[in-house]
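Right, one structure below, let's go through it.
Please treat every number below as a calculation from the coordinates, not as lab data. Fair warning: this is a prediction, and the values are worked out from it, not measured in the lab. Here Cβ is always computed from backbone atoms with ideal geometry, including for glycine, and neighbour counts include all displayed protein chains.
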Amino acid sequence: MKSTMIALVAAASLVAAGTVLAASGADLANAKGCGTCHAADAKKVGPSWKDVAAKNKDNKGASEKVVTMLKDGKGHPKVAASDAELKALAAFALAGGK
Ligand code: HEC
């Protein structure tokens with residue numbers, strides 16, 4: 001019985017780890033609805049990820065700026081996500097949607 005429990009817990013944590021990996025970049029942006037206003041290389045309501053990457057490429061603090069902007073909703077629609085998710089979203093956007 002005890003070993004069954006251990007196996008179940010181990011399996012559950014594997015699934016959880018997979019979820020974290022899958023929830024990076026494009027998947028996360030999809031899940032959070034970024035695609036409503038952003039596309040990889042076409043302007044929609046907001047700039048394309050390509051433009052975002054180009055505009056911020058010399059800004060070392062860009063990731064922090066974007067995280068704060070999404071978190072506080074300053075100059076941008078507020079995004080409900082964890083800090084880790086916001087960091088992943090910022091990295092994805094600043095890499096030009098990759
Ligand atoms: C309702 C529309 C909308 C949604 C949804 C949206 N954005 Fe935006 N986003 C905008 C607009 C508009 C701008 C341009 C703001 C400006 O330049 O003042 C923008 C700009 C940005 C920028 C550029 C910031 C900069 O200073 O270069 C990033 C990065 C960004 N959005 C990320 C995201 C992410 C990640 C998501 C999803 C979690 C998201 N956005 C969802 C409308 C949206």
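Details
- A Förster radius of 22 Å, combined with the Cβ-Cβ distance separating residue 31 from residue 57, puts the computed FRET efficiency at roughly 0.25.
- Excluding same-chain neighbours fewer than eight residues apart, the lysines reachable from residue 71 by a Cα-Cα span under 22 Å are 32, 44, 50, 55, 57, 60, 87, 98.
- Scaling against 2.2 N^0.38 Å puts the C-alpha radius of gyration of segment 24-94 at 0.99.
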